[in-house]
Amino acid sequence: MTTAMETRAMNAVRIRPFEAGDREPIRQILVETEFFVQAEVDVAIELIDVYLTRPEQKDYVLHTAVDEKGTPAGYVCFGPTPCTDGTWDLYWIAVDRRLQNRRIGRQLLRFSEEEIRARRARMVLVETSSQPRYEGTRAFYTKNEYVELARVRDFYRVGDDKVILGKRFS
């Protein structure tokens, strides 16, 4: 059941295309979550820079969740999987640490799924780590009807598997 506060928080953000002015606030969000290691932040920023500097590219789609003042609260990055027919990757969802557990991540996920479906996708995939600190991430996707499709043992390092979750569209 959604509480009144959750409903206000959900309605308090809107999702719009990523803008150049979002780069630094989103970088801060990525760092301040204390969830991503520096190499992951660097990759996220690299994809943001590709999106911002190469408008002709079709590999990455980025959108920002902003509050009523236009302040970034989070973002999502997704794109078509190269050399596939209708498979898409969801690369990043990040939400401001102070705003987590207010369904903003879920809004970004639902938005990206709608956008991906509109592009005639068959499925969307998410990759994450098997480490305990990613348990909440895996639970988030499972709660949103993603299933574990594959696990590559020791992918990131010994004892750290790559977990591939997916959702198929009808």
Problem - Selected residue (only one of Glu127, Glu114 is within 28 Å of Thr64 (Cβ to Cβ), part of a strand (DSSP E or B) and either in contact (Cβ under 8 Å) with a residue 60 or more places away in the chain or of a type outside the set (Val, Ile, Thr) (or both)) - result: Glu127
Problem - Candidate set from the range 8-50 (those that are of a type outside the set (A, V, I, L, M) and assigned to a loop (DSSP other than H, G, I, E, B)); member that is surrounded by the fewest Cβ atoms within 10 Å (Cβ to Cβ) - result: Glu34
Practice task
Those residues that are modelled with pLDDT of 95 or more and assigned to a loop (DSSP other than H, G, I, E, B), I need them from the range 79-102; list them, please.
Solution key: Thr81, Pro82, Cys83, Thr84, Asp85, Gly86, Asp96
Handout entry: Residue within the range 53-63 that is assigned to a strand (DSSP E or B), over 20 Å from Val126 (Cβ atoms) and in contact with a strand residue (DSSP E or B) (Cβ under 8 Å, 6 or more places away or on another chain) present
Key = no
Exercise for the section: Determine, yes or no, whether Arg133 is outside any strand (DSSP E or B), exposed (fewer than 15 other Cβ atoms within 10 Å of the Cβ) and either among the β-branched types (Val, Ile, Thr) or in contact (Cβ under 8 Å) with a residue 24 or more places away in the chain (or both). Expected result: yes
Exercise for the section: Look at Ala121 and say whether it is within 14 Å of Ile164 (Cα to Cα) and not in a strand (DSSP E or B). Expected result: no
Practice task
Test Pro72 against the criterion of being of a type outside the set (Phe, Trp, Tyr) and over 23 Å from Ala20 (Cα atoms), and give yes or no.
Solution key: no
Problem - Qualifying positions in the range 4-21 - of a type outside the set (Phe, Trp, Tyr), touching a helix residue (DSSP H, G or I) at 6+ places or on another chain (Cβ under 8 Å) and either modelled with pLDDT of 95 or more or more than 23 Å from Arg110 (Cα to Cα) (or both) - result: Ile15, Ala20
Problem - Members of the range 109-122 that are buried (at least 16 other Cβ atoms within 10 Å of the Cβ) and farther than 20 Å from Arg14 by Cβ - result: Ala121
Practice task
Kindly indicate whether any position in the range 147-156 is assigned to a helix (DSSP H, G or I) and either among the hydroxyl-bearing types (Ser, Thr, Tyr) or touching a residue at least 40 places away in the same chain (Cβ under 8 Å) (or both).
Solution key: no
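The values are calculated or read from the model by the stated rules, or taken from the named source; none is laboratory data. Please read these numbers as outputs of a predicted model, since none were measured by experiment. All Cβ positions, even for glycine, are placed from backbone atoms using ideal geometry, and neighbour counts span all protein chains on display.
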